[in-house]
Amino acid sequence: MSTVEDTIVEFVSEELLELPEQIDADANLLSEDMVDSLGMLRLIGFIEATFQVKIPPRDFTIENFRTPAVLAGYLQALINDRQD
Amino acid sequence: MEVLLPQLVATHAARSPGADAVVCGDDVLSWDSLDKRVNQLANSLRRNGVHRGFRVGIYMDKSVQSAIAMYAIMRCGAAYVPLDPGAPVSRIASIIRDCSIRHLISRQAKRTAIGTVLAEGATLDCIVGMDEDGLDGVRCINDAEIAGEDQRQGPAVKVLESDLAYIIYTSGSTGTPKGIMHTHYSSLSFSRWAAREYELRADDRVANHAPLHFDLSIFDYFAAAVAGACTVIVPEEYTRLPASYSALLADQRVSVFFTVPFALIQLLARGVLDERDLGQLRWIIFGGEPYPAKHLRGIMDQLPHVRFDNMYGPAEVNGCTHFTLPANFSADDSVPIGPICAIAESLIVDDEDRVVAPGETGELLVRTPTMMQGYWARDDLNAGAFFRRQVEGIQQVFYRTGDLVTVEDDGIMHFVGRKDRQVKVRGYRIELDEIEAALTGIDGVQESAVIAVPDLEGSKKLIAAVLLNGEPRRTGTELVAALKSRIPRYAIPAKVDCRQEFPRTTTGKIDRQQLSREYMEMEAR
């Protein structure tokens, strides 16, 4: 498991859920009871601050944010691009 | 028979059976198939004991199934009660108990939550949308059983205009949600007015952003149905991700879009609107809370072909004023709520119910056919919710909005603030008293004050100041966790500030203004 993925799982599990519980890296972040619209803003703010990235507007899609694993994959590519 | 809400479906099914009625992702229902599915579900509900006047809960994310459920419940002569699928189960249980819901339409994913609702002391006879029995003493009805029902016609039930169509629950200041009752007459009066006013047509595609427990959804479904237009349901996941949301608006050729400023601000910031073909979009209507002018101007510049309109009205009266923004609207102007609509009249009064002089601020009272019947089983609230006066021997009943407004010479009104401590956060009505009641209900909390401060997203942020009284020594995180099982998510404060002391007024009350100044400075840093 990557560090990016761990960090996202930990933040969502502890900060965004109605009752804190450990979620799976493949859990659907967008299902009901998971991350609501304000939670999504908090997640975006957290990600951008923690990984020092700026997510381009066109990337705010369901495809990129579906699960912690998917999101981590997307962010890793963004971080790698920045380092290139 | 008079055409009431459920008959709108049958009427369109006869006139234009193949036209799209409700769309959600890949699920597309024509008026004909919607009518058939509504008949089947209504027959099943009837067979399982739903009578005229009953309240039936809808407990699921919005989908074509929830649209079918709304109409089927009304076709039985019952009122639908939309329950927030994301609300704490204790709140769901309290609503079920409050209006004696015996039948619930839900789906398999809600099974665990429903088990907890039952454990919280709510009693249900029947749950529709569940695969198998197994919940103690509750009959479960699955989709296959419903598919076996007659689809040609629904149950023969007499329904009058004055019968309840739905009850929408909203925050109450004491911590108990209150149920706003609307009849077929009040919701149809609003829907017909809105369909006329916004010139809705059968070829319109009206987006449904709001969840069903949010009154904006009445426009999305019933004003659209009056015109024979299609309702395009925006699945919840799209509302969280602006770039996908704007793609959906384009792909689904949405022409009328009623939403909250928060969603539009997100779409402008992260929705790549300039990359989407939104040529078919003709109306963006917003409501629920004030729209900061600079954000509004921003999206108007991005979509110059669209007409923007501010629709105002508490859920108790649906809409009662609206204002279409002129193309030259300036980012420095304030956004008016508009003149009272043609089918309503208004009074602006002071604390003693005397009409204020022109230009002065007062509470807006509204008399309109779109007004609620009252709050469910709350004679205490109903006594204070209305203002009654006799004119030429006829009693006139006005709803007290609690909103302070000023009116210009041309009749255009501006929202100034609230008479009480209600705030709007991302369109949701929140009673600060309710959050404080929930906080002080937690062991270890002596006093609390919840303050709303403006945030960077064009809405507000809640900060809770808390005074602890010894054991157990709570932390802010613990308090937030405890709140999550007591109040809806949208009402959870963004920060909990555990303090040693409160600023006090000379009479010893918490000085909320001082706290407010303190937090605004803190947020601005």
Given charges of +1 on the Cβ of Lys and Arg and -1 on the Cβ of Asp and Glu, with all other atoms neutral, how large is the dipole of chain A about its Cα centre, in debye to the nearest 20?
-> 460 debye
Mean shadow area (nm²) of the C-alpha convex hull around the protein assembly as shown is 29.9 nm²
Ranked B:184, B:305, B:414, criterion: other C-beta atoms within 10 Å, fewest first | B:305, B:414, B:184
How large is the helix-only mean residue ellipticity at 222 nm for the protein assembly as shown, computed as the sum of -39500 (n - 2.57) over DSSP H runs with n ≥ 4, divided by its residue count, in deg cm²/dmol to the nearest 500?
-> -9500 deg cm²/dmol
For the range B:65-169, what's the relative contact order in percent, using C-alpha pairs closer than 8 Å and at least 6 residues apart?
-> 32 percent
Taking Cα pairs under 8 Å and at least six residues apart, what relative contact order does the range B:118-216 come out at, in percent?
-> 15 percent
Take the Cα coordinates of chain A, assign each an equal point scatterer, and use the Debye formula without solvent to give log10 I(q)/I(0) at q = 0.11, 0.13, 0.23 Å⁻¹.
-> -0.26, -0.36, -1.19
Non-local amide H neighbours of residue B:169 (under 5 Å, H modeled in plane, Pro and chain starts lacking H): which ones?
-> B:180
Going by how many other beta carbons lie within 10 Å of each one, how would you line up B:445, B:356, fewest first?
-> B:356, B:445
May I have the extent of the alpha carbons of the range B:402-478 along their three principal axes, as whole Å values ordered from largest to smallest?
-> 59, 25, 16
Short version: ³J(HN,Hα) in whole Hz for each residue of the range B:322-338, in order, from phi by Karplus 6.51 cos²θ - 1.76 cosθ + 1.60 (θ = phi - 60°), x for Gly and Pro, what are they?
-> 7, 9, 8, 5, x, 4, 8, 3, 9, 5, 8, 6, 9, 9, x, 8, x
Coil-residue GluC sites (Glu not before Pro) of the range B:197-257, DSSP, other Cβ within 10 Å capped at 12 = B:199
Out of residues 5 or more away from residue B:313 or on other chains, whose amide H comes under 5 Å of its own, with H placed 1.01 Å from N in the peptide plane?
-> B:288, B:320
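Based on the Kirkwood radius over alpha-carbon pairs, what is the Stokes-Einstein translational diffusion coefficient of the range B:17-144 at 4 °C with 1.567 mPa s viscosity, in µm²/s?
The Stokes-Einstein estimate is 88 µm²/s.
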Listed pairs B:294/B:484; B:62/B:178; B:178/B:424; B:110/B:419; A:54/B:461 exceeding 27 Å between Cα atoms | B:294/B:484; B:110/B:419
For a footprinting-style exposure proxy, rank B:125, B:409 by other Cβ within 10 Å, fewest first.
-> B:409, B:125
When only DSSP loop residues count, what trypsin sites (Lys or Arg not before Pro) in the range B:315-412 have their Cβ near at most 11 other Cβ atoms within 10 Å?
-> B:354
Could you size up the charge dipole of the protein assembly as shown around its Cα centre, putting +1 on the beta carbon of Lys and Arg and -1 on that of Asp and Glu, and report it in debye to the nearest 20?
-> 1100 debye
Where GluC sites (Glu not before Pro) fall in DSSP loop in the range B:447-525, at most 15 other Cβ within 10 Å | B:501
Counting alpha carbon pairs within less than 8 Å and at least 6 residues apart, what relative contact order, in whole percent, applies to the range B:249-333?
-> 28 percent
Over the Cα atoms of chain B, what Rg and Dmax result, in angstrom?
-> 23.2, 71
Report ³J(HN,Hα) in whole Hz for each residue of the range B:116-124, in order, from the Karplus equation J = 6.51 cos²θ - 1.76 cosθ + 1.60 where θ = phi - 60°; Gly and Pro get x.
-> 5, 4, 5, 5, 7, x, 7, 10, 10
Could I get the Rg over Rh figure for the range B:115-165? Both from C-alpha atoms, Rh via Kirkwood, rounded to two places.
-> 1.10
Does the range B:335-386 classify as rounded, prolate or oblate by the C-alpha gyration tensor (a ≥ b ≥ c root eigenvalues; a/c under 1.5 gives rounded; else a/b over b/c gives prolate, otherwise oblate)?
-> oblate
Just the Cα atoms of the range B:74-173, one point each, no solvent: what log10 I(q)/I(0) does Debye give at q = 0.23 Å⁻¹?
-> -1.31
Rounded to the nearest Å, the spacing of the alpha-carbon centers of the range B:99-124 and the range B:326-360 is 43 Å
Shape of the range B:395-525 from its Cα gyration tensor (a ≥ b ≥ c, root eigenvalues): rounded if a/c is under 1.5, otherwise prolate when a/b > b/c, or oblate?
-> prolate
For the range B:146-272, what is the Kirkwood hydrodynamic radius in Å, using each pair of distinct C-alpha atoms?
-> 16.6 Å
Calculate one ³J(HN,Hα) per residue across the range A:58-72 by plugging θ = phi - 60° into the Karplus curve 6.51 cos²θ - 1.76 cosθ + 1.60, and present them in order as whole Hz with x for glycine and proline.
-> 5, 8, 7, 10, 4, 4, 7, 10, 4, 9, x, 5, 5, 5, 5
Is the range B:11-87 best put as rounded, prolate or oblate by its Cα gyration tensor, with a ≥ b ≥ c the root eigenvalues, rounded for a/c under 1.5, and otherwise prolate when a/b is larger than b/c, oblate when not?
-> oblate
Report, by chain and number, residues whose modeled amide H sits under 5 Å from the one on residue B:126, excluding near sequence neighbours (fewer than 5 apart, same chain).
-> B:104, B:139
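No value in this document is a laboratory result; all are computed from the given coordinates. Just so we're clear, the structure is a prediction, and the values are computed from it rather than from any experiment. Virtual Cβ from ideal backbone geometry, glycine too; neighbours counted across all protein chains shown.
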